[in-house]
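The values are calculated or read from the model by the stated rules, or taken from the named source; none is laboratory data. If you're wondering where the values come from, they're calculated on a predicted model, not measured in any experiment. Neighbour counts run over all protein chains shown; Cβ positions are idealised from the backbone, glycine included.
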Amino acid sequence: MECYVECTMKEDLKKQGYSKEDEYFYQKDRERIAKLREQAEAKRAKLASENKKEEYWMRCPKCGSPLKEEKYAGVVLVDRCSSKDCGGIFFDGGELEILMKAKASLFQRIFGR
């Protein structure tokens, strides 16, 4: 299909009185436009992924309120939902294991609210 369209365009250009030079520059312009289109699409995709991360970064997965980090005994850092209705507690990778090895009093301080 691509060859058919390109061959048809070349014939149309010749019928309209365009030279080989015009045809050459026409083709170069098409290539540049295609390249610019690809670059714009890549940039759009990159911006979309960055915006998506900003939209959900440090947000409660349950209610969408902002999360705040709280440090307990200098051992573990937990993310707590700032909403009074939710108050969810969330851990990053490895934080739960640290908490399980910690003292019972630290465990009570975090969950005893």
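Of all residues in region 43-61, none that is closer than 27 Å to Val78 by Cβ has its Cβ atom under 8 Å from the Cβ atom of a residue that is assigned to a loop (DSSP other than H, G, I, E, B) and at pLDDT below 70, 6 or more apart or on another chain. Does Glu21 satisfy the condition of being exposed (fewer than 10 other Cβ atoms within 10 Å of the Cβ), farther than 22 Å from Leu99 by Cα and among the charged types (D, E, K, R)? Taking the combined requirement at face value, the residue satisfies it.
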